[in-house]
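**Q** Starting off with a structure, shown below.
The values are calculated or read from the model by the stated rules, or taken from the named source; none is laboratory data. Small disclaimer: the values here were computed from a predicted structure and weren't measured. All Cβ positions, even for glycine, are placed from backbone atoms using ideal geometry, and neighbour counts span all protein chains on display. With ligands, DNA and RNA removed, areas are computed over all heavy atoms of the protein, side chains included. Shrake-Rupley method; radii C 1.70, N 1.55, O 1.52, S 1.80 Å.
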Amino acid sequence: MSLATAGGGGMGGGGMSAAVMAHNTAAMPHQHTQSNFQSNATSAAAAAPKVDQLLHVSSKQMSSAELYPLVAIDLFDTGHVRFVPPLAAEGQQEEPCVIMDVKETVPTQLRLKRTEASYKALKKMLSKGDEASFLRVFSESLSLGDDKDDNDDVVVTIPTPALLLGVRRINHLPPAMKEMYPHKPTPSSAVSAAIEPVVTPDDDEAYLIRDQTLDGEPTPRGNDYDRVGIQLNLLPGKKKPLVLLPEDAALILLNYGRKLVHDEMRRNSSSSSSATKKKSKKKIDIADDSSATDETSGWSDYPISLPLPLAARTDPCTETLYEMGITRLTNRAGMVLTGSFILQTKGVIQAIGARYRGIAMEDEDEDGVAPTVYVVGRNAGGVDITAVRVTQPSETGEGYEDYGVVSEVSARTFEEAWEEIGESVGKYCEEGERTPCAVILYGTSEAQAGLAEKVRPLVKAMKVLMPVDKRNTKEICPLVVMTDPTVVAVGCAAGFGQAYQRLGGSESHVRNASATAVAISMNYEGEVPSRTDEENIKILFDFDRRVPAGPYQIDFTAAECAAIRHFGTLDVTPEQIKTFQGFKNIPKREDAARKIRLQVLQKTRGSDDWVEISSEITPLWHEDEKYAIESCCLEVSLRANGEITTRLVGEGTSIVQANKEARKSTISYYMWTFFAILFFGGFLFKSWYEDYVFQRDTKRLLAYYKHVIPGSLSDGDLHNARYLVWKYRYKKKRLWKGLEVKYGEPVPETWPDDEEEEQEEDKEDEEEIDLDANEEEDKNDGKQSEGDEF
């Protein structure tokens, strides 16, 4: 196919490598859509309210959320919750908002009691999904770790169900995540899938994950309706197993965090006599909520901001989170830095400030060089390390407003991640930025302590230039900084509040790098595109590409597809493509257009397998109208949070209609060409003929004067003759008749003597001179003269 980049994907840049150029390329963001031949496309994900980290918040979004607190939950790690309270009545605040603490934390693991009451509460929640059903799950099903018999016989523990959000198939999970969950292989046939029980009573596992479908199909079909489901065996032998989608499990934890914020606001409002009173659309007073029931309080509508780890920054996960109503998704490393400056973490502030002074004191020209830090934390299956360039100090001097992510890596072991991040930094950064000035750790206290033991021996081999006084500098080891466990939640809440203009200062700008790779797989024989055949996989956006990126444009034509199928190679020439054009090759082009299949693929760090994104795409076949399309263009874009946009752009003209239009266009082209030749050629001929007649009549009039009135003033007067011919140009007969009446002699076209003179002149011109004869005559004359003298 013809591949062409758009939005700054050209290979120029004054000697920069292709990888560095791709890393520094930026493009406009796009929504995740797929639309056939439409300029404006929509989707379920686009319908949800989105506030992207790199975009400004609209006034409409602000007004719709001003009644609610802005909640930030570290759902993927520590479970800490922070929030920014709602505005006062009429949008007036006597004092600026602050980030509020919540004493309790949200469990990152879903722990459910194995009782009949728990079973009924979950079943009701799945059927209704209102606030009352969630409250019943919180009280009767959710276990917070304070049960007396905390074992598998009493409680079912599902580790970090948010990591399963949007996953289509079990084999799409990275190996480290797949080992976290017990699972069964997918049934090989529809019959076995229909008759095989979900969980047998004899199974040792209280839960497992299995491939499910949302459209009622017995087996997954490789489309958007495939999902990984969590099947619970709470009461084996008594009740049928329950099937939870990861969205349901994650929503239980998110709503629990919302309820914690709601309860904290009620406690603060009841303990303060001057608390802000605010009414929602249901006329519930938060300050005096004694008459309100939890079922009508509206806490399930609180907007949430989530910091995402690398494993969750994929298209299926982010799309699912937006469909769940999550308002804002952020980069975890950027929130760590923001939270560190807000919490006044001394090690972070000192290391970055000292590195800035060291750069300024260096002798070399270091314009544009900025401090680099490593942000390190644990994830569910290993370690995440992010290299960040910290630039643009804030106007208040309390922090920095611009964080440029250089690279993000994720690996099962710390050693693998450390080696990979070093290679990426050496590839993209300048020499003065390759050594970090600080290694910032985040997560729980236990996780940070374990990481610190592994980081400290490694940083001893690194040296970075730091000032020791006002004039001298010294190379020292990077500083290892352990942060507060709440740093992610605090940074996320701060960015959320600044985006909605409830907190002072400007929001930190995080320039992300892609944590995933995006490719496209093609098949021309009507089969499912392979995600393992590297020959048919074309990488569009690689790791560490500056995002948002795109759109990447790929042009498809039916003639090109037919040529590829005929010659068996992707490298077809324009001459080979031209042989499949025209009316005779319509059946071949229609067959090729019907059988071409495309599949968008995505790969995460730490995984060697490509994952299918959405359903197959048939760019040259209109599914609704069932006809083949002559040509179209596929545009693929990548957002900062890993969300992928696909859009088909084209007129959608069928091959038969396109051939007719091409024929009409050819005929009309030749007709218009012929008309233009006649039109402009007619003017040219007319101009030439008029000039010819004018010159002829002028000669005729001068010849008449010469024969009739020789020697007169009119004889030989060219200007007078030209004037009379011009004056009587439309009345020549009148001119000749008037001359005949005046001089008594008709005006012939030619005079006989003139013809004889012309013939004589022609004969003289045609005479040939014999030069050899003249030479012989001269010789004879010379001999005769010599004889006379003798």
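**Q** Once the piece of chain linking Asp571 and Tyr689 is laid out straight, how much longer is it, given 0.36 nm per residue of separation minus the C-alpha distance between them?
**A** Details: separation 118, 0.36 × 118 = 42.48 nm, distance 5.71 nm.
Taking Asp571 through Tyr689 to full extension adds about 36.8 nm, to one decimal.
**Q** How much solvent-accessible surface does Glu179 expose, in Å² to the nearest 10, with a 1.4 Å probe and all protein chains in place?
**A** Estimated to the nearest 10 Å², Glu179 gives 130 Å².
**Q** Additional query: Quick one: if the Förster radius is 30 Å, what FRET efficiency do Thr115 and Asp263 give, using the C-beta to C-beta distance and rounding to 0.05? Kindly include the intermediate steps, with their values, before the conclusion.
**A** Numbers: r = 24 Å, r/R0 = 0.81.
Efficiency, from the Cβ-Cβ distance: 0.80.
**Q** Something else about it: Let me make sure I get this right: for the stretch 568-611, a, b and c are the square roots of the gyration tensor eigenvalues over alpha carbons, sorted descending. Under 1.5 in a/c it's rounded, otherwise prolate if a/b > b/c, else oblate. Which is it? Working shown, then result.
**A** On the way: a/c = 5.36, a/b = 2.50, b/c = 2.15.
Because a/c hits 1.5 or more and a/b exceeds b/c, the stretch 568-611 counts as prolate.
**Q** From the protein chains alone at 1.4 Å, what is the descending order of accessible area for Thr618, Thr115, largest first?
**A** The ordering from most to least exposed comes out as Thr115, Thr618.
**Q** OK, next. Residues with amide H under 5 Å of Arg111's amide H, sequence separation 5 or more or different chain, H placed in the peptide plane at 1.01 Å from N; which?
**A** When sequence neighbours closer than 5 places are left aside, the close amide H contacts are Ser143, Ile158.
**Q** May I ask you to compute the full-extension gain from Phe583 to Glu625, defined as 0.36 nm times their residue separation minus their alpha-carbon distance, rounded to one decimal in nm?
**A** Details: separation 42, 0.36 × 42 = 15.12 nm, distance 2.16 nm.
13.0 nm is the gain from fully extending Phe583 to Glu625.
**Q** Show Glu104, Glu575, Glu264 ordered by accessible area, largest first, where the area counts protein heavy atoms only and the probe is 1.4 Å. It would help to have the intermediate numbers written out before the result.
**A** Working: Glu104 90, Glu575 125, Glu264 20 Å².
So the residues, ranked largest to smallest area, are Glu575, Glu104, Glu264.
**Q** OK, next. If I model a spin label at Ala676 and Glu430 as a point 7 Å from the Cα along the Cα→Cβ vector, what separation in nanometres do I get?
**A** If labels sit at Ala676 and Glu430, their model points lie 5.4 nm apart.
**Q** When the distances between all Cα atoms of the stretch 448-515 are binned every 10 Å from zero, what whole-number percent does each bin get?
**A** With 10 Å bins starting at 0, P(r) equals 16, 24, 32, 26, 3.
**Q** Restrict the search to the stretch 661-729; then list the trypsin sites (Lys or Arg not before Pro) that DSSP places in a loop and that have at most 13 other Cβ atoms within 10 Å of their Cβ. Please report the intermediate quantities before stating the final value.
**A** On the way: sites: Arg663, Lys664, Lys686, Arg696, Lys699, Arg700, Lys706, Arg722, Lys727, Arg729; in loops: Arg729.
Of the trypsin sites (Lys or Arg not before Pro), the ones in loops of the stretch 661-729 whose Cβ has at most 13 other Cβ atoms within 10 Å are Arg729.
**Q** Still on this model: Under the rule of at least 5 residues apart or a separate chain, name every residue whose amide H is placed under 5 Å from the amide H of His183.
**A** Amide H neighbours of His183: Ile209.
**Q** Something else about it: With 28 Å as the limit, write out which pairs from Lys603/Lys626; Lys113/Lys259; Lys184/Lys238; Lys178/Lys463; Lys103/Lys454; Lys427/Lys460 have Cα-Cα distances beyond it, or answer none.
**A** Values: Lys603/Lys626 33 Å; Lys113/Lys259 20 Å; Lys184/Lys238 22 Å; Lys178/Lys463 39 Å; Lys103/Lys454 31 Å; Lys427/Lys460 22 Å.
The answer is Lys603/Lys626; Lys178/Lys463; Lys103/Lys454.
**Q** Still on this model: Could you work out how far apart the two model spin labels at Ser668 and Leu343 are, taking each label as a point 7 Å from the Cα in the direction of the beta carbon, and quote it in nm?
**A** 6.9
**Q** Here's another thing I want to ask about it. Between Lys184 and Asp609, what FRET efficiency comes out of the Förster formula 1/(1 + (r/R0)^6) with R0 = 22 Å and r the beta carbon distance, rounded to 0.05? Mind showing how you got there, number by number?
**A** Numbers: r = 19 Å, r/R0 = 0.88.
Working from the Cβ atoms, E equals 0.70.
**Q** Moving to a separate point now. Just grab the label-to-label distance for Arg722 and Glu419, each label 7 Å out from Cα along the Cβ direction, in nm (one decimal).
**A** 9.5
**Q** In square angstrom, rounded to the nearest 10, how much accessible surface does His707 have for a 1.4 Å probe?
**A** That residue has around 60 Å² of solvent-accessible surface.
**Q** Another question, then. Arg389 accessible area, nearest 10 Å², 1.4 Å probe?
**A** For Arg389, solvent-accessible area is about 50 Å².
**Q** I need the phi-derived Karplus couplings for the stretch 565-572: 6.51 cos²θ - 1.76 cosθ + 1.60, θ = phi - 60°, integer Hz, Gly and Pro marked x.
**A** In residue order, the calculated couplings are 5, 6, 8, x, 8, 7, 8, 9 Hz.
**Q** Using θ = phi - 60° and the Karplus form 6.51 cos²θ - 1.76 cosθ + 1.60, what ³J(HN,Hα) does each residue of the stretch 113-128 get, whole Hz, x for Gly and Pro?
**A** 6, 9, 10, 5, 5, 5, 4, 5, 5, 5, 5, 5, 4, 5, 7, 9
**Q** Once a ≥ b ≥ c are taken as the square roots of the eigenvalues of the Cα gyration tensor of the stretch 385-498, is the result rounded (a/c under 1.5), prolate (a/b larger than b/c) or oblate (a/b not larger than b/c)? Mind dumping the intermediate values first?
**A** Working: a/c = 1.40, a/b = 1.04, b/c = 1.34.
Because its axes are fairly even, with a/c under 1.5, the stretch 385-498 counts as rounded.
**Q** So how much slack lies between Thr750 and Val243, counting 0.36 nm per residue of separation and subtracting their Cα-Cα distance, in nm? Spell out each step's value before the answer.
**A** On the way: separation 507, 0.36 × 507 = 182.52 nm, distance 11.26 nm.
The Thr750-Val243 span can extend by a further 171.3 nm.
**Q** Could you go through the stretch 588-593 in sequence order and give the Karplus-derived ³J(HN,Hα) for each residue, using 6.51 cos²θ - 1.76 cosθ + 1.60 with θ = phi - 60°, rounded to whole Hz, and x for Gly and Pro?
**A** Karplus values, whole Hz, x for Gly and Pro: 5, 5, 5, 5, 5, 5.
**Q** Give the ranking of Tyr374, Tyr68 by solvent-accessible surface, highest area first, calculated with a 1.4 Å probe. Kindly include the intermediate steps, with their values, before the conclusion.
**A** On the way: Tyr374 5, Tyr68 40 Å².
The most accessible residue leads, giving Tyr68, Tyr374.
**Q** Here's another thing I want to ask about it. Take the alpha-carbon centre of the stretch 413-451, take the same for the stretch 600-648, and report the distance between them in whole Å.
**A** 34
**Q** A further question follows. Hey, how many Å between the Cα centroid of the stretch 311-353 and the Cα centroid of the stretch 696-727?
**A** Centre-to-centre (Cα) distance: 100 Å.
**Q** Under the classification rounded if a/c is under 1.5, otherwise prolate if a/b is larger than b/c and oblate if not, where does the stretch 607-755 fall, given a ≥ b ≥ c as square roots of the Cα gyration tensor eigenvalues? Kindly include the intermediate steps, with their values, before the conclusion.
**A** On the way: a/c = 7.32, a/b = 4.72, b/c = 1.55.
Prolate, since a/c reaches 1.5 and a/b exceeds b/c.
**Q** Between Arg412 and Cys477, what is the FRET efficiency for a Förster distance of 35 Å, r being their Cβ-Cβ separation, to the nearest 0.05?
**A** Values: r = 27 Å, r/R0 = 0.76.
Efficiency computed from Cβ-Cβ geometry: 0.85.
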